[in-house]
Amino acid sequence: MKSRIIFTLFILALHHIATAQNIIAIKANQGRDTISRFIYGHFAEHLGRCIYGGIWVDEPTANIPNRNGIRLDVAEALKKISVPVIRWPGGCFADAYHWRDGIGPRESRKHTENVWWGNVRETNSFGTHEFLELCEMLGAEPYLAVNVGSGTVQEAAEWVQYVNHKNGTSDLTDLRKQNGRDQPWKVKYWGIGNESWGCGGNMTVEYYVNLYRQFATFMTSYSNSEKLFRIAVGPGIEDYHWTEVLMRDIPRNMLDGISIHHYSVINWRNKGSATQFSEQEYYTTVREALRADKIISRHKAVMDKYDPQKKVALIVDEWGTWYNAEPGTNGAFLYQQNTMRDAVVAGLSLNIFNTHSDRVKMANLAQMVNVLQALILTSNEKMVLTPTYHVFEMYKVHHDALHLPVTKQVNRYFAGGDTLDVISASASRKGNTIYVSLVNIHINQPQQVTISIEGSTFKAVSGRVLKSKNPHDHNTFNEPDKVKPAGFTDYKISGNRIDAVVPPTGIVVLQIN
Ligand code: AHR
């Protein structure tokens, strides 16, 4: 009897905690760092239907509107979220990719085997020219990952020459011209390998550092091309020693960024369903997404030791949720649906990256279309935008805005094996406009949030919300608009305070003028 009373009191207390007020204070005049728009970047790998069928279609046979093979419906949707940067061609695929296979007349391109992702035939129809054309079409910066695992230094150096050198200086630029491109593309971002501790070669950090230095020596800007931004492979798990060795042993003039990957996975052996998940699984995914904050902070601490001026960027060039592939699809294609749970993960992750904008200068969602936490799903000529897409669209306001520090006093909730902050927030400023993005991770309870603006006054507030009745809700080809943003009116202004109610698993973006 006694234990039942204690249990009831515990549940009541939890309920009270979850509905009490949360306080967010925005320091409107204390901004220092810009939130790089590259934090809102993407990743497209030759994996499953990301490229073939997702971004690109074989134009002679396709009944899907396209420009030189690039799907126009997908391109239009991507333009609306102002995609700033795209990482390509992988992922694990990058360390098996030989760029010369993907240039020249398509009918004579070499067919290879995609050894990482289902051993399917890679026609190489989508290669360097097609990818760089996609980037130009979207106004996005390309970020190329070179093959360190099974490629050579010469191959990497020649790729740089092929895409970046001015006309007429070498056979490689003649070849580019012959293949239809006169002017260099001036690709700035270059990743030297991918997951070199795993699929990229199972290397030790000491071995990788030497290879990195060798590749970086020959992948130079030369005198007649763009200054390269070279990115080293960071650790895949919380191996801070790896980061330490990179920072210690790579000369500063050779290193512009270190990349890390962070996937929100319930259990690597059984990742669970994307759409049919329990409350426990929901919170475990959320907890894993929130762990990025600690991981980034610890990497920053190591980097600060060697680079207090923060010249070397931390780049989260793969992040997102990873579940079991949709039933009935090829497991190696990593095709998964995308629910409000994914929208919550997107909102939380982007808030975390914004908050670390002093060091995090780029992040790339894995992946852009049809793979993992995709923005867009396609089925032949059909296309659907996922809840994650809508978060990217709503958060566009933060691109290149001044990051504003936020202090929080929020409810904490024990779930997913940890005590989690119920509300996540980040804020930025452009001129006199302040933007706040809020996420309520609670699966079924709304949260009252009081936002106080310190150091500035305001007259007007408007907002948008992404919410749905059920955390499992998602968009399908038959019901493409089940989850989409709407106007947000659940707030009151009193003096320099805004009192808002954020719905469960809801994402709210406020504009304060
Ligand atoms: O995004 C899928 C895979 O995850 C990438 O190819 C690899 O880099 C990572 O392990």
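Values quoted throughout were computed directly from the atomic coordinates according to the rules given, and no laboratory measurement underlies them. Keep in mind the model is a prediction, meaning the values are calculated, not measured. Positions of Cβ are backbone-derived with ideal geometry, glycine not excepted, and every protein chain shown enters the neighbour counts.
The figures follow:
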item: Euclidean distance of C-alpha centroids, region 441-513 and region 352-406, integer Å; result: 18
item: Residue 237 versus residue 267: modelled label distance in nm, points set 7 Å from Cα along the beta carbon direction; result: 1.8
item: Per the chain, cysteines lacking a partner by the 4.7 Å Cβ criterion; result: 50, 135
item: Dipole-positive endmost among 299, 316, 285 within region 280-319 (Cβ charges, Cα centre); result: 299
item: Among 353, 127, 96 the positive-end extreme of the charge dipole of the chain (Cβ point charges); result: 353
item: Under 12 Å from the Cα of residue 166 - aspartates and glutamates, other chains or at least 8 residues apart; result: 174, 182, 226
item: Computed FRET value (nearest 0.05) for residue 119 with residue 433, which takes r as the C-beta separation and R₀ as 45 Å; result: 0.30
item: Positive-pole candidate from 416, 369, 108, dipole of the chain, charges at beta carbon; result: 416
item: For region 35-400: span of alpha carbons on each principal axis (Å, largest first); result: 61, 55, 38
item: Subset of 79/467; 80/484; 294/430; 27/300; 227/311; 382/482 violating a 19 Å alpha-carbon distance limit; result: 79/467; 294/430; 27/300
item: Region 210-263, dipole about Cα centre (Lys/Arg Cβ +1, Asp/Glu Cβ -1), debye to the nearest 20; result: 240
item: Sequence-distant aspartates and glutamates (8 or more away, or on other chains) whose Cα lies within less than 12 Å of residue 110; result: 101, 122
item: Expected 222 nm ellipticity per residue - DSSP helices of 4 or more, -39500 (n - 2.57), all of the chain, to 500; result: -8500 deg cm²/dmol
item: Estimated FRET transfer efficiency (residue 469, residue 62; beta-carbon r; R0 45 Å; 0.05); result: 0.75
item: Approximate spin-label separation residue 182-residue 479, in nm, with each point projected 7 Å along Cα-to-Cβ; result: 5.3
item: 15 Å beta-carbon shell around residue 96, net charge (K/R +1, D/E -1); result: -4
item: Nearest-ten-degree value, helix 2-19 long axis tilted from longest Cα axis of the chain; result: 60
item: Beta bridges per DSSP with both ends in the chain, % antiparallel, nearest 5; result: 60
item: Charge dipole magnitude, Cβ of K and R +1, D and E -1 - region 35-400, Cα centre, debye nearest 20; result: 640
item: Förster-model FRET efficiency, 45 Å R0, residue 210 and residue 297, C-beta, rounded to 0.05; result: 0.95
